[in-house]
């Protein structure tokens, strides 16, 4: 989630039309399209595999301070607590921040190629492994915390998370699990204009269950198998129906920036940021805010910073800001898994012919079919039935289209290889039909004899 820094407020919003323009301004020519990759991982002590608290000589604060001092990051402080890291030279490096349960997130810079994404993620993992290793902290990329209970999970000192923690149980049974015990890898992509945005949103939402199945990586809860391929995806089904899901309106005639604005205005708010503090307005309407009728802030009008904040509190499977976010994948346990996600989506969406082929693939899928896929894929993964075959077959087609798209981009690394090399984990997955969750379960049964602690030893960064 985004991290705000105290400073002057942006301009006041004058009308709903300005909110539409705000999104439309994100349109870019293809030459300026970039790839942004965000990924989270759980911190645990290498001895005992217990979760890492914020405070203490070997806590999350110490990890952030170590990264800041050794690798030239600038600290972001909220009420005396370092909660994030930025780099003043950020064309490279992005932002390191904290999720509610101590998950460490890299929000990567917008980069031109998947090769650059690989290098960014590799450098980040080098940094956190070096500092974390000295503190006895390992970092594990999984979609759901595999060992600890919710009560055992630490709470990070970020004000916005306190507001969400109070509100979440009012809307769903698993919202707190989402906050504190899930991790993801996410890809942010650009669009050329409104029509291009709509095409990418539709393909992204329709194929999001495919991405969930390919990257499913959360088969354990509190030390035992949970019966799911992606328990993280299951949790999102009972988090908050106001702000999650497949967005059926995206597939309707008339979809565009205006329609998404109307959806966003209908989602209840969490907070307003003023004078360095988060003010709890959970459940309030942004429409009321537009006319100065927030109960907690009577007469106060929203700025574009408030609108940007509000957009970050919407959690559909694909989210629109001034770019498009693909949000359906579990966090990966290896660098190659992490980089495969931007390769997959860039291949599908950044080459016009590949996008047209992907659009044709999903053109006659109904929203009821999509909802059924979304409901079944957390448990069944690639074995989810669809139109007389399985999602495995659809995944094979999608990976083939992505590979064709990356080949058409023709972007080479220093060794003369194009971006298709980063699809290798997915090509292996569609070849043998086993997701990362299936591989973990085989290790759990055959190699670890049911000892979940060996997961940390085998797969922590």
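All of the numbers you see were taken from the coordinates with simple rules; none came from a lab. Computed from a prediction, not measured in an experiment: that's the story for all the values here. Glycine also receives a Cβ, built like all others from the backbone with ideal geometry; neighbour counts cover every protein chain displayed.
Evaluate the stretch 230-282: find the radius of gyration of its Cα atoms, find its Kirkwood radius, and give the ratio Rg to Rh.
Numbers: Rg = 14.7 Å, Rh = 13.5 Å.
With Rg and the Kirkwood Rh in hand, the quotient comes to 1.09.
Hey, if you drop one equal point scatterer on each alpha-carbon of the stretch 295-399 and run the Debye formula without solvent, what base-10 log of I(q)/I(0) do you get at q = 0.09, 0.10, 0.16 Å⁻¹?
Log-scaled intensity ratios, in q order: -0.35, -0.43, -0.92.
Where does the chain land on Rg(C-alpha)/(2.2 N^0.38 Å)?
Output field value: 0.93.
What percent does the relative contact order of the chain come to when contacts are Cα pairs within less than 8 Å and at least six residues apart?
With pairs under 8 Å counted, the relative contact order is 21 percent.
For the stretch 215-272 and the stretch 153-172, what is the centre-to-centre distance using only Cα atoms, to the nearest Å?
17
Alpha carbon centre of the stretch 310-358 versus the stretch 97-147: separation in Å?
Result: 18 Å between the Cα centres.
Any idea what diffusion coefficient the stretch 205-303 gets from Stokes-Einstein, in µm²/s, Kirkwood Rh on alpha carbon pairs, 37 °C, 0.692 mPa s? Present the calculation step by step, with values, prior to reporting the outcome.
Numbers: Rh = 16.6 Å.
Answer, rounded: 197 µm²/s.
Tell me, what is the percent relative contact order of the stretch 135-269, built from C-alpha pairs under 8 Å that lie six or more residues apart?
Reported as a whole number, the value is 34 percent.
Work out the P(r) tail for the stretch 47-117: percent of alpha carbon pairs separated by more than 13 Å, whole number.
Considering the stretch 47-117, 68 percent of its Cα-Cα pairs are separated by more than 13 Å.
Taking square-rooted eigenvalues a ≥ b ≥ c of the alpha carbon gyration tensor, is the stretch 145-283 rounded, prolate or oblate, where a/c under 1.5 means rounded and, failing that, a/b exceeding b/c means prolate?
Oblate is the answer for the stretch 145-283, as a/c is 1.5 or above yet b/c matches or exceeds a/b.
Can you compute the helix-only [θ] at 222 nm over the chain? Use -39500 (n - 2.57) per DSSP H run of at least 4 residues, normalise by all residues, nearest 500 deg cm²/dmol.
Helix contribution divided over all residues of the chain: -12500 deg cm²/dmol.
Using mean Cβ contacts within 10 Å as the protection proxy, how do 134-146, 393-405, 430-442 order, highest first?
Peptide ranking by packing, descending: 134-146, 393-405, 430-442.
More than 18 Å apart: what percent of Cα pairs in the stretch 207-257 qualify?
In whole percent, the long-distance tail amounts to 48.
Where does the stretch 328-369 land on Rg(C-alpha)/(2.2 N^0.38 Å)?
Cα Rg divided by the expected 2.2 N^0.38 Å: 1.45.
Sorted by average packing, counted as other Cβ atoms within 10 angstrom per residue and highest first, what order do 231-239, 418-426, 207-215 take?
In descending order of packing, they fall as 207-215, 231-239, 418-426.
Please report, to one decimal in angstroms, the Kirkwood hydrodynamic radius of the stretch 15-145 built from all distinct Cα-Cα pairs.
Numbers: mean 1/r = 0.0619 Å⁻¹.
It works out to 16.2 Å.
Which order, highest average first, do 302-311, 185-194, 352-361 follow once you tally other Cβ atoms within 10 Å for each residue and take the mean per peptide?
185-194, 302-311, 352-361
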